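**Student:** Submitted below is the structure of interest, expressed as structure tokens.
The values are calculated or read from the model by the stated rules, or taken from the named source; none is laboratory data. All values reported here derive from a predicted model rather than from experimental measurement. Note that we place each Cβ from the backbone using ideal geometry, even for glycine, and neighbour counts take in every protein chain shown. To get the accessible areas, we keep the full protein, side chains included, count just its heavy atoms, and leave off ligands, DNA and RNA. Shrake-Rupley method; radii C 1.70, N 1.55, O 1.52, S 1.80 Å.
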Amino acid sequence: MMENSNCLSFIGKWLKNETETYQQLVVNFYPYEKSLQLFDLRTKKILLHKTKIEDLLLCDFFIGAKLLIFGKQIDIIDYGDHHTKLKCGSEQCTFSMIHSEALQHIGDILQAISENDLSIRKLKLLKIDENYSWILKNIRSEQPELSYFIDNIPSNSFVAMEVTGNNSYERFKELCGSNDSNGAMTTAPATLRALYGNGIYCPVNASNMESKFVFGNNSVRLCLKSLALFKNSTLCIIKPHAVRQGLSGHIISQILEKGFTISAMKMFRFERANCEEFMEVYKEVVQEFESMVMQMISGDLLAIEISNKYENACSTQQTFRDFCGPICPEVARITRPHTLRAKFGQNKIMNAIHCTDLEEDTNLELEYIFKFLP
């Protein structure tokens, strides 16, 4: 395969629904042109001529990524050539926790990570369940390499997340700054700890063992629990286009500034069947249902349980829905310019935010996301 310095080449596969078999593809991405080209790996037959796809970004391409190309889901399973492996193979995953006073600034922290050309690929708001805290003690004694991390898990709620990007460990460590926030304020005042305090965990090395422990260990799920309330709360989902554009931090900051609280949070991906089931209420009433589903399954989503800390004549669901604004951002910018969709939405499909439309659906949606989905 001829290597092109302007092209990144990957091996992908997609499921052919009519035969229930996988077809392997060569996926060529031209980042400066935002163009894509597809070949059949076996026959070398062109399946898609070089085509510009504005929504695709370089950060969408990694081993394990799921791309949505003209309605077909393509899973990236390997690098296609040596040049791509050299360029993209240096991408690392780095674990972090945000807790204590820094948790109040989670939106600003996520935004700072995005502005430093790093991405978030996994995220959960968690707390130790004291009924199962013995599991952590056992793991600490059995796996001493995790002792520093386990000793630093706070007793109160914290955000666990995986930061990704080229050489992410050293770059994120530099972004965090000194372990002493007072010293950081003097020597590196723009670092996260200087701005938001010591409640930002950075690992002692680049092994990423903490992420595998938190996100991949079934035993840990018993002792590190979601904080979802399912009471006087409502659901917000930041859509894939907004997550890819690095808008999650801005949106979360606006939500907190409005006086809402965040009681649960998780990053996840929808499979098509799950998404259609979740959005079934719109199927017969919204003409753009298929396009809405396609957007929701096109990448990472950030689900947030929103609570209202103020006594209000309106329910939390109604208050937050009003804050999201009209479903069409063009209308929102004219009629309600201070709403989330007016500020961050592009069109009726890519309108940045899904929120629960009917109060009676609130718990159904929250439980589907925070109980049913892993």
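**Student:** Expressed as a whole percentage, what fraction of the accessible surface of the chain belongs to carbon and sulfur atoms when a 1.4 Å probe is rolled over the protein heavy atoms?
**Tutor:** Values: 9070 of 18210 Å².
So the carbon and sulfur contribution to the accessible surface is 50 percent.
**Student:** Sort out the exposed loop GluC sites (Glu not before Pro) in the chain (DSSP loop, at most 14 other Cβ within 10 Å) and tell me the longest stretch that has none.
**Tutor:** Numbers: sites that count: Glu3, Glu18, Glu20, Glu33, Glu54, Glu271, Glu284, Glu288, Glu311.
The longest such stretch corresponds to 55-270.
**Student:** Would you list Cys324, Cys59 from the most to the least accessible area, probe 1.4 Å? All intermediate terms of the calculation are to be shown ahead of the outcome.
**Tutor:** Details: Cys324 0, Cys59 55 Å².
Largest accessible area first, the list is Cys59, Cys324.
**Student:** For the range 101-172, what does the accessible surface come to per residue with a 1.4 Å probe? Please give it in Å².
**Tutor:** Working: 3440 Å² over 72 residues.
So the range 101-172 comes to 48 Å² accessible per residue, rounded to a whole number.
**Student:** Exposed loop sites here are chymotrypsin sites (Phe, Trp or Tyr not before Pro) in DSSP loop states with at most 11 other C-beta atoms within 10 Å. What is the longest stretch of the chain lacking them?
**Tutor:** Values: sites that count: Tyr32, Phe70, Tyr310.
It works out to 71-309.
**Student:** Once the Cα gyration tensor of the range 330-374 is found, what semi-axes does its equivalent ellipsoid get, as square roots of 5 times the eigenvalues, in whole Å, sorted largest first?
**Tutor:** Semi-axes, largest first: 27, 12, 7 Å.
**Student:** Same structure, new question: Which entries in the list Lys225/Lys266; Lys52/Lys266; Lys87/Lys266; Lys173/Lys258 go over 20 Å, if you measure between the two C-alpha atoms of each?
**Tutor:** Where the Cα-Cα span goes over 20 Å, the pairs concerned are Lys52/Lys266; Lys87/Lys266; Lys173/Lys258.
**Student:** Using only alpha carbon pairs under 8 Å that are at least six residues apart, calculate the relative contact order of the chain and give it in whole percent.
**Tutor:** In percent, rounded to a whole number, it is 15.
**Student:** What are the extents of the Cα atoms of the range 1-97 along their three principal axes, listed from largest to smallest and rounded to whole Å?
**Tutor:** 44, 33, 25 Å, listed from the longest principal axis down.
**Student:** Local charge sum around Pro326 (other residues, Cβ-Cβ under 11 Å, Lys/Arg +1, Asp/Glu -1)? Display every interim value, and only then the final one.
**Tutor:** On the way: positive: Arg321, Arg333, Arg336, Arg341, Lys348; negative: Asp322, Glu330.
With Lys, Arg at +1 and Asp, Glu at -1, the net is +3.
**Student:** Where in the range 281-374 are there trypsin sites (Lys or Arg not before Pro) that are in a DSSP coil and have at most 16 other Cβ atoms within 10 angstrom of their Cβ? Walk me through the intermediate numbers first.
**Tutor:** Values: sites: Lys283, Lys309, Arg321, Arg333, Arg341, Lys343, Lys348, Lys371; in loops: Lys283, Lys309, Lys348.
Sparse-neighbourhood loop trypsin sites (Lys or Arg not before Pro): Lys283, Lys309.
**Student:** Normalise the Debye intensity by I(0) for the range 271-374, one equal point scatterer per Cα, no solvent, then take log10 at q = 0.10, 0.14, 0.20 Å⁻¹ and round to two decimals.
**Tutor:** Log-scaled intensity ratios, in q order: -0.29, -0.59, -1.20.
**Student:** Viscosity 0.692 mPa s, temperature 37 °C: what is the translational diffusion coefficient of the range 109-180 from Stokes-Einstein with a Kirkwood Rh over Cα pairs, rounded to a whole number of µm²/s? Write down the numbers at each step before the final one.
**Tutor:** On the way: Rh = 14.2 Å.
Using the Kirkwood radius from Cα pairs, D works out to 231 µm²/s.
**Student:** Let me ask another. Rounded to the nearest 10 Å², what accessible area does Asp117 have for a 1.4 Å probe in the complete protein model?
**Tutor:** It works out to around 120 Å².
**Student:** Next question, about the same structure. Do any of Lys13/Lys44; Lys34/Lys122; Lys34/Lys66 go past 22 Å between their Cα atoms, and which?
**Tutor:** The pairs that break the limit, which is 22 Å between Cα atoms, are Lys34/Lys122.
**Student:** So what's Rg/Rh here for the chain, counting alpha carbon atoms and using the Kirkwood radius for Rh? Present the calculation step by step, with values, prior to reporting the outcome.
**Tutor:** Working: Rg = 21.5 Å, Rh = 22.2 Å.
Rounded to two decimals, Rg/Rh equals 0.97.
**Student:** If I take the Cα coordinates of the range 261-324 and project them onto the principal axes, what are the three extents in Å, biggest first?
**Tutor:** Taking max minus min along each principal axis of the Cα atoms, the range 261-324 gives 38, 27, 16 Å.
**Student:** Please compute P(r) over all alpha-carbon pairs of the range 138-211, binned at 10 Å starting from zero, and give each bin as a whole-number percent.
**Tutor:** That works out to 18, 44, 32, 6, 0, in percent per bin.
**Student:** Could you pull out every one of the aspartates and glutamates with an alpha carbon less than 15 Å from that of Lys231, ignoring same-chain neighbours closer than 8 positions?
**Tutor:** Answer for Lys231, where 15 Å is the Cα cut-off: Glu305, Glu311, Glu359, Glu360, Asp361, Glu365, Glu367, listed by chain and number.
**Student:** Please state the relative contact order of the range 46-110 as a whole percent: Cα pairs under 8 Å, 6+ residues apart?
**Tutor:** Working: 25 pairs, mean separation 10.9, N = 65.
Once normalised by length, the contact order is 17 percent.
**Student:** Just to be sure I understand the curve: with the Debye formula and one point per C-alpha of the range 160-294, what is log10 I(q)/I(0) at q = 0.09, 0.11, 0.18 Å⁻¹?
**Tutor:** Cα-only, vacuum Debye calculation for the range 160-294: -0.42, -0.62, -1.35.
**Student:** Another one. Enumerate the aspartates and glutamates that Lys348 could reach by cross-link, defined here as Cα to Cα under 14 Å, with residues fewer than 8 away along the same chain left out.
**Tutor:** Answer for Lys348, where 14 Å is the Cα cut-off: Glu288, Glu290, Glu330, listed by chain and number.
**Student:** Can you spot the aspartates and glutamates whose alpha carbon is less than 18 Å from Lys137's alpha carbon? Ignore those fewer than 8 places along the same chain.
**Tutor:** Within reach: Asp129, Glu145, Asp151, Glu210.
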